[in-house]
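Please treat every number below as a calculation from the coordinates, not as lab data. Quantities reported herein were computed from a predicted structural model and do not represent experimental measurements. When we count neighbours, we look across all protein chains shown, and the Cβ atoms used for this are built from the backbone with ideal geometry, even at glycine.
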Amino acid sequence: MVVNDETMGRIRLVKRYLVLTLLISLGFATIALAITERKEEPVRAGESLIIAHRGANDRFNEHTLTAYKIASQDGVDYLEIDLRMTKDGELVAMHDYTIDRTTNGKGKVSGYTLSELKKYQTVSTFENKKVSEEIPSLREIFDEFSDTENFYIETRLVNNQLAMEEKVIELLDEYQLLDDKRVILQSFSTKSLDKISTLAPDIPLTLLFKKGKFDLNKAIATDYPIIGIESNDVTSRIVKKLHGNGKKVHVYFTNKKTQKREQTRLKDLQIDGYFTDYILYTKEL
Ligand code: G3P
Ligand code: CA
């Protein structure tokens, strides 16, 4: 076969096209990998963890997929979730005992099945615009975010009984969230934490203290590695004592009006984590 200049030119053109196509595909593959890459366990020496308290609740209804999506886009270390159990034993993201404050319905969460709860909407107003969205189950939150986010989940007793712990651990296991330390569980109830400890011994646990009820001796004496304290109870002495005893200190806030001021007050105390209602402000600090 005679290979003239024109043929050689065509071959070079095809080669360039193939190389270009390969490079573009590699580029897309790298971007796709970066997007879907799971977050590692957050270890940020010298920096505080940013925990999105109930999602980005300053910009959307607390405990909704949208509030968690905004927090995720902001780039936080953990999404914080409060749990309640429905009549049919499903776990949903909800802080209060009833749905009265956050939704257009009334009554105890435990008085509804999940499908009954889904008929109600969380409602709130942001920048003079009313927004609504359904109550998510824990499963739905994991469906949406388990590939990319870390979770900081609060358990509690149900009618003074252990009820949600097994279900939480089952779900964490199902979504492969138990092994790579991407979840912290927190509770005011030592019973609940101890139960979790028996089910999943490696999971980091936070013992929460109620506002005004912080007990330094109890906090030091516990086996839980993280202590959750309301901001008004936090002093430099307490933080140093807890650190000196190998504990991490995570701070939560009960007053949104004073929260930013409180965060500023605490900023040089080496707090290990903030349950923040103002993600962007805390990141700035
Ligand atoms: O989970 C820490 C903090 O959230 C405890 O307060 O009442 O907002 O769940 P609360
Ligand atoms: Ca909570």
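Quick notes
- Overall form of the range 49-283 per C-alpha gyration tensor (a/c, 1.5; a/b vs b/c): oblate
- Estimated FRET transfer efficiency (T235, E284; beta-carbon r; R0 25 Å; 0.05): 0.55
- Exposure proxy ranking, count of Cβ atoms within 10 Å, fewest first, for L162, L49: L162, L49
- Theoretical FRET efficiency, 1/(1+(r/R0)^6), r = Cβ-Cβ of N245 and T148, R0 25 Å, to 0.05: 0.15
- Ranked packing of 259-266, 209-216, most packed first, by mean Cβ within 10 Å: 259-266, 209-216
- Cross-linked pairs K213/K267; K181/K247; K195/K257; K118/K181: Cα-Cα separations exceed 24 Å for K195/K257; K118/K181.
- Between K119 and N255, the contour length at 0.36 nm per residue exceeds the Cα-Cα span by 45.9 nm.
- Phi-derived couplings, Karplus 6.51 cos²θ - 1.76 cosθ + 1.60 at θ = phi - 60°, listed residue by residue for the range 228-241: x, 10, 6, 3, 5, 8, 8, 10, 4, 4, 4, 4, 4, 4 Hz, with x used for Gly and Pro.
- Residue-count net charge about G105 - beta-carbon cut-off 10 Å; Lys, Arg +1, Asp, Glu -1: 0
- Using the Cβ-Cβ distance between K191 and K130 with R0 set to 35 Å, the FRET efficiency from 1/(1 + (r/R0)^6) comes to roughly 0.30.
- Normalised contact order of the range 196-285, rounded percent, pairs of Cα under 8 Å and 6 or more residues apart: 23
- Relative contact order of the range 45-103, defined on C-alpha pairs under 8 angstrom at six or more residues apart (%): 29
- Separation of the range 246-285 from the range 155-183 is 26 Å, based on Cα centroids.
- Spacing of the modelled spin labels on N104 and E166, each 7 Å from Cα toward Cβ, amounts to 3.8 nm.
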